[in-house]
1. For a Förster distance of 60 Å, can you work out the FRET efficiency between the beta-carbons of B:Ile29 and A:Asp226, rounded to the nearest 0.05?
2. Of the candidates B:Arg227, B:Arg184, B:Arg279, which one comes out as most mobile in a Gaussian network treatment of chain B with C-alpha springs shorter than 10 Å?
3. Partner chain Cβ atoms within 10 Å, averaged over the residues of A:74-86 - can you pull that number for me?
4. So what is the accessible area of chain B per residue, in Å², with the probe set to 1.4 Å?
5. Between B:Val267 and A:Arg16, what is the FRET efficiency for a Förster distance of 51 Å, r being their Cβ-Cβ separation, to the nearest 0.05?
6. What are the ³J(HN,Hα) couplings of segment A:77-89, residue after residue, when phi is run through the Karplus curve with 6.51, -1.76, 1.60 and θ = phi - 60°? Round to Hz, x for glycine and proline.
7. Tell me the label-point distance for the pair B:Thr106, B:Ala143, using the 7 Å Cα-to-Cβ offset, in nm and rounded to one decimal.
8. Can you tell me the alpha carbon radius of gyration of the protein assembly as shown divided by the globular rule-of-thumb value 2.2 N^0.38 Å?
Amino acid sequence: MLSTSPAVRLTDTSVRRGRRMIWSGATFDVPTGSFAAVIGPNGAGKSTLINLLLGGLKPASGTVEVLGSPAETGNPRIGLVPQNRSLDHAGSILCRDLVALGLVGTRWGIGLRGPDLAAAVDDVLTAVDAQDYAHLRFGDVSGGQQKRISIAQALITKPDMLLLDEPLAGLDLSGQVDIVELVHHINHDRGVTVLFVTHDLNPLLAHIDSLVYLIDGTPRFGNVDDVVDSGLLTRLYGTPVQVTRTADGCVFTRTE
Amino acid sequence: MFIATLVNSTQTQTGLSLLTSPFMINALIAGTLIAIASGAIGYFVLLRDLPFATHAVAHIGFPGATLAVLVGATPVVGLVAACAAGGIAIGAMGHRARNREVVTGTVLAFATGLGLLFNSLGSAQSGLLTNLLFGNILAITTAQVVAFTAIVLVVLVVLAATGRKLLFASVDPDVAAARGVNTRALSAMFLLAMSLIIAISVTVVGVLLIFALLVTPAATAIRLTARPTRVIAIASGIALVSVWGGLIIATYQPWPPSFVITTIACVAWIALPQLMKLRGPVAAPDIVTHIASS
């Protein structure tokens with residue numbers, strides 16, 4: 001692993017969509033091995049940041065380096081867990097075939113089976129504990145199970161970085177905790193750098209070490225202890241927020 | 001009987017001798033090719049949520065064919081050209097277009113009106129309108145069989161070569177794009193391939209019945225199995241039984257083949273998933289019913 005370069009390096013980066021400036025002036029590193037939450041109000045450009053790191057969107061100015069090289073699509077060292085997939089498209093195929101596509105979907109020809117591929121699929125299914133329902137159609141498993149399958153798909157290329165775009169959306173509290181625990185283990189045991197886009201920071205506070213926060217049109221990076229305080233979160237969400245330190249970390253709540 | 005009437009032969013031809021007559025051989029070859037291709041195309045039509053687009057492309061082919069007659073060209077050439085142009089236009093419109101269904105439906109209606117105009121201006125061939133709207137597999141010529149064979153082979157080779165990429169781009173477009181799959185090029189390529197297969201399928205079942213050959217068999221197959229290659233094989237099989245059944249039954253009964261073809265496809269769509277349920281406790285996924293009905 002290229003431990004000398006940070007997982008992400010933005011240098012005076014700005015992005016536009018058409019004429020609209022989404023954000024600008026981003027200059028920060030995300031160190032290798034971080035577990036960072038990406039937070040910000042709706043429309044602040046969280047998914048835009050993910051898209052930028054994936055190379056699907058070019059910066060209007062500045063540079064974007066990912067894992068030591070300029071961001072470009074098709075990098076198997078980056079795993080993507082997308083926002084909720086359209087079941088109109090993905091619902092009919094088997095979970096394990098969706099996982100297999102993560103490896104062979106970029107190759108010519110046909111076929112989603114074969115001994116080597118099956119072994120690779122079983123490997124990541126075991127890692128996310130999804131063997132029991134991998135033979136079912138993706139549209140027939142629960143939201144939490146779909147997230148596990150998506151994470152398995154993202155892991156199949158053995159990535160060094162995992163980008164998760166709102167993986168907690170639509171999950172109940174215990175489902176959220178399960179996914180956060182799973183991602184924590186991937187980060188901790190495999191040393192995979194994690195950027196985790198979320199609306200709700202609470203389920204993540206026990207495990208993240210840092211945050212990318214999009215505020216006032218500029219993404220910034222900070223450690224949990226420096227960033228998670230009442231003043232910043234109040235500015236971030238535009239509503240009064242109270243941070244309370246507890247034995248397991250801290251929680252924040254909206255105050256009147 | 002339908003076919004015997006059509007041939008209008010003075011000698012009483014039996015069913016068997018009809019089945020070996022030249023126009024019947026052409027019909028069987030063309031029908032087989034189209035059935036196989038429509039199974040593969042139909043699967044991706046469902047995955048990519050394009051059933052309505054297939055309907056629209058067929059309708060856009062209609063004025064192409066009638067205009068071709070008006071200017072003295074072969075209707076099938078105009079049909080293929082207009083369908084291909086329609087497919088490319090839908091591709092250019094993209095998924096982001098708002099009111100996509102309204103736009104498609106409006107273009108569809110306009111194209112049909114235009115087709116009617118060209119037909120009434122030309123109206124050299126009285127049977128043209130019926131053949132275009134409802135198909136006439138028995139009118140397929142040897143030259144068309146040769147051209148259709150080439151088109152189907154090219155489409156099948158392209159689908160086999162791009163199969164996994166196209167599947168990835170169809171079921172999981174965001175991740176596929178992030179992983180470097182050229183989803184736009186694949187989309188344009190697929191729409192062109194789809195449009196060509198629609199154009200040649202119109203000669204069999206016509207503009208109005210295209211759904212039964214291109215979408216219904218795949219919608220049936222996707223309820224029976226989740227494995228992509230099996231869905232395609234079963235869909236092609238259903239389409240094949242429909243076309244052959246249509247031709248064979250039409251030699252004995254006074255029914256047009258298009259009627260029999262669409263009927264077999266629709267009966268399979270209703271009956272086969274029910275038979276699967278009777279056979280054993282196979283999970284009948286709601287999502288697939290949803291896809292089939294969308």
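1. Between B:Ile29 and A:Asp226 the formula returns 0.20.
2. Largest GNM mean-square fluctuation: B:Arg279.
3. 3
4. About 42 Å² of surface per residue is accessible.
5. Working: r = 55 Å, r/R0 = 1.08.
Once rounded, the FRET efficiency stands at 0.40.
6. With coefficients 6.51, -1.76 and 1.60, one gets 7, 10, x, 10, 10, x, 4, 2, 6, 6, 6, 4, 9 Hz.
7. For the pair B:Thr106/B:Ala143, the computed spacing is 3.9 nm.
8. Details: Rg = 27.9 Å, N = 550, 2.2 N^0.38 = 24.2 Å.
In units of the 2.2 N^0.38 Å rule of thumb, it is 1.15.
The values are calculated or read from the model by the stated rules, or taken from the named source; none is laboratory data. All values derive from a computational prediction rather than experimental measurement. Counting neighbours? That spans all protein chains shown, and the Cβs are built from the backbone with ideal geometry, glycine included. Accessible surface is based on the protein model in full, side chains and every heavy atom, while ligands, DNA and RNA are left aside. Shrake-Rupley method; radii C 1.70, N 1.55, O 1.52, S 1.80 Å.
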